[in-house]
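Visitor: I'd like to ask you about the structure that follows.
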Amino acid sequence: MSPMKPSNAEWLGEIPEEWSVARIGDFYKLRNEKVSDEDYAPLSVTMKGIVPQLATAAKSDDHNNRKLVKKGDFAINSRSDRRGSCGISPYDGSVSLINTILTPRGEMNPDYYNWLFHTEQFADEFYKWGHGIVDDLWTTRWQEMKSIMIVSPPIDEQQAIANYLDDRCSKIDAIIAEAKASIEEYKELKQAVIYEAVTKGLDKNVSMKDSGIEWIGKIPKQWKIARLGRGLEFIQTGPFGSQLHSDEYIEDGIPVVNPANIKNLEIKIDNKCTLSTEKANELQQHIMTPHEIVFGRRGEMGRCACVPDDGKTYFCGTGCIRMRCNNLLYSDYLILFLSSETAKQYYELNSVGTTMSNLNSEIISATPTLYPPIDEQRNIVSHINEIVPKYDNLIIEKQSLIEDLEAYKKSLIYEVVTGKRKVVA
C-alpha cells in the first residue's frame, strides 16, 4: 500500500500520495445546446446509466426543449429526487433540461470517473453544493458542480481501476441477480403450496369433482362451492372519506388499518396513522374485534389479514372492508383463500374503477368460495403454517445476502476509486 495524504476534500478522505486533486471543471466542460427530440432520439438518465427514453418518463409536446447529448458525454440529473441518476451516454440523443451534460477534456479515463460519480459519497457532495426551496426540488447546477473537488490518479491507474471494477462488480451483480431469481422462485413455490392446499386439499387420493368454475378446476368431492357471503356473519365497508380525513390522524392512538397496513397476511401498524379514542368512538361501527378479517378493497388485490387477539383495538380504514366468518368458515383458512391466485383472478375481473381497482361488499360477498369441512380447513391452515415458514426463511436468507453484497459493492467502489484499496495497474 502506497503512503497516503490528506485530500483536503472531506468526502474523499485520504488518497495515495502520488494522486492529485482538482475541480470537476478541470476535467469536463459543459455542453448546453438545445435540440429537438424529433432530430435527436429521446434518452433517459437513470441510475443504470443513459438509456433510450423509458415508457414511464414524463412526455412533453414541446419537442424542441431538450438538451443535446453526444456519445461519450457524461450526463447527470441535477435534482436531488433523482439521486444517483447519471452515466456515460452510449448514444447521440436528447435529454430533459434538468440534466447537466459534460464533455471530457484533456487526458483522462471517462470510465474511471463514471465509477467515481456513482459513489454515494459523491452523490452526497454533489447535492451539498445545490440549492432549492424543499428537499425533493433541491438542484445542483453546473455553476456549483464545476467547483467540486475530485481525485486524479495517474492515467494508467484510472484504466486499471475501471477494468477492475467492471470485472468485480459484474460478478457481484450476477450473484445478486441469481439471488433475486431464487427469491422469485421461492415466492412462486410458496404460492403453489398455498394454492394447492386451499383448492385441492391435503389428501392426494381423494375423489374429485368439477367445480364448475374454469379458473378453479376440480375440487375434492365432499367440498362445497358457494358465494363468500354464505360463510359470513356480516361484511362492512370502512368509513366514507367524508367521515374520516387524514388530518384527523394522531400519533400513538387507535391504529387505523388501511390497505398499506396489510402485508404478508398481517397487520403492520403505523403509529402516525391512528385515531383518538373520541374519534374512534364517534365511528364505533368501524372498530374491529379479534378474529375478524380486514380486506384491502383498493389497489393490489388480495391483501387481507385476521385482526389479532392481542388486547389492542383496531379501526377499519376507508380503503378496507371488514368481515366476520360464521361456523362454515375458519377465518385463517379464509384469508389464505382470499389471498390466493384463484381469488385474485376473480377480483381483477370484477373490480371497478379506471385509475385504481376498487372492490365493494357486493363484489366480495359474491366471490366463488370453496367450503371444505371445517375440520379440514383447520388442517389445511396447520399444514401451511408448518410448510410456508421454510420458504419465508429461504427468502430472508437471500434478501440478507443481497443486502450484504450491495453494501460490499458500494464500499468496494468507494475504496478503489479513492485509492484506499490498491489496484495493480
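Visitor: Give the long-range amide H neighbours of M208: residues separated by 5 or more places, or on another chain, with amide H under 5 Å away, using H modelled in the peptide plane at 1.01 Å from N.
Guide: Amide H neighbours of M208: K221.
Visitor: How high is the relative contact order of the chain, in percent, counting Cα pairs under 8 Å that sit 6 or more residues apart?
Guide: Computed over the chain, the figure is 16 percent.
Visitor: Now, a different point. Can you pull out the trypsin sites (Lys or Arg not before Pro) in the range 330-425 that DSSP calls coil and that have at most 15 other Cβ atoms within 10 Å?
Guide: Answer by residue number: R421, K422.
Visitor: Count the lysine pairs in the range 241-357 whose Cα atoms lie under 25 Å apart, taking only pairs 8 or more positions apart in sequence or on different chains.
Guide: 8
Visitor: Say we join alpha carbon atoms closer than 10 Å with springs in a Gaussian network model of the chain; which of D310, D404, D92 then has the biggest fluctuation?
Guide: For the chain, modelled as a Gaussian network with Cα springs under 10 Å, the answer is D310.
Visitor: Please turn the phi angles of the range 63-76 into ³J(HN,Hα) values with the Karplus equation 6.51 cos²θ - 1.76 cosθ + 1.60 (θ = phi - 60°), one per residue in order, whole Hz, x for glycine and proline.
Guide: So the Karplus estimates, Gly and Pro as x, are 5, 8, 9, 10, 10, 6, 10, 9, 3, x, 5, 9, 10, 9 Hz.
Visitor: In Å, the Kirkwood hydrodynamic radius of the range 341-418 over pairs of distinct alpha carbons?
Guide: 17.4 Å
Visitor: Using the Kirkwood formula on the Cα atoms of the chain, what hydrodynamic radius do you get, in angstrom to one decimal?
Guide: It works out to 26.2 Å.
Visitor: Moving on to the next point. How high is the relative contact order of the range 165-260? Use alpha-carbon pairs under 8 Å, at least six apart in sequence, and give a whole percent.
Guide: 13 percent
Visitor: Taking the beta-carbon count within 10 Å as an exposure proxy, list L334, L412 from fewest neighbours to most.
Guide: Going from sparsest to densest Cβ surroundings: L412, L334.
Visitor: If Lys and Arg each add +1 and Asp and Glu each add -1, what is the summed charge of the other residues whose beta carbon sits under 10 Å from the beta carbon of S331?
Guide: Neighbourhood net charge equals -1.
Visitor: Normalised by the number of residues in the range 4-152, what is the relative contact order in percent for Cα pairs under 8 Å and 6+ residues apart?
Guide: It comes to 29 percent, rounded to a whole number.
Visitor: Go through the range 230-328 and name the chymotrypsin sites (Phe, Trp or Tyr not before Pro) that are in a DSSP coil and have 15 or fewer other Cβ atoms within 10 Å of their Cβ.
Guide: Answer by residue number: F240.
Visitor: Ignoring GluC sites (Glu not before Pro) that are buried or in helix or strand per DSSP, and keeping those with at most 16 other beta carbon atoms within 10 Å, what is the longest stretch of the chain between them?
Guide: The longest such stretch corresponds to 301-425.
Visitor: Divide by every residue of the chain the summed helix terms, -39500 (n - 2.57) for each DSSP H run of at least 4, and state the resulting mean residue ellipticity at 222 nm, rounded to the nearest 500 deg cm²/dmol.
Guide: -11000 deg cm²/dmol
Visitor: Let me ask you something else. Which of the trypsin sites (Lys or Arg not before Pro) found in the range 165-217 are in a DSSP loop and have at most 11 neighbouring Cβ atoms, other than their own, within 10 Å?
Guide: K204
Visitor: Using θ = phi - 60° and the Karplus curve 6.51 cos²θ - 1.76 cosθ + 1.60, what whole-Hz ³J(HN,Hα) does each residue of the range 289-298 get, with Gly and Pro shown as x?
Guide: Once rounded to whole Hz, the list reads 10, x, 6, 5, 10, 10, 10, x, 9, 10.
Visitor: Another question, then. Just the number, please: percent antiparallel of the DSSP beta bridges in the chain, rounded to the nearest 5.
Guide: Bridges in the chain are about 95 percent antiparallel.
Visitor: What residues have an amide H closer than 5 Å to that of V69, excluding those fewer than 5 places away on the same chain, when H is modeled at 1.01 Å from N in the peptide plane?
Guide: Amide H neighbours of V69, under 5 Å, 5+ apart: G93, S94, V95.
Visitor: Out of residues 5 or more away from W215 or on other chains, whose amide H comes under 5 Å of its own, with H placed 1.01 Å from N in the peptide plane?
Guide: none
Visitor: In which sequence would R141, R324 go, from the one with the fewest C-beta neighbours within 10 Å to the one with the most?
Guide: Ordered from fewest to most neighbouring Cβ atoms within 10 Å, R141, R324 come out as R141, R324.
Visitor: Once you have a ≥ b ≥ c as the square roots of the Cα gyration tensor eigenvalues for the range 152-236, tell me rounded if a/c is under 1.5, and otherwise prolate or oblate according to whether a/b is larger than b/c.
Guide: In terms of gyration-tensor shape, prolate.
Visitor: Any chance you could get the radius of gyration and Dmax over the Cα atoms of the range 227-346, in Å?
Guide: 13.8, 40
Visitor: Give a residue-ordered list of calculated ³J(HN,Hα) values for the range 260-271 (Karplus: 6.51 cos²θ - 1.76 cosθ + 1.60, θ = phi - 60°; whole Hz; x for Gly, Pro).
Guide: 5, 8, 10, 9, 6, 6, 9, 8, 10, 6, 10, 5
Bear in mind these aren't lab numbers, they're just calculated from the coordinates by the rules spelled out. This one's a predicted model, so the numbers in the text were calculated from it and none came from an experiment. Here the Cβ is made from the backbone with ideal geometry for all residues, glycine too, and neighbour counts use every protein chain on show.
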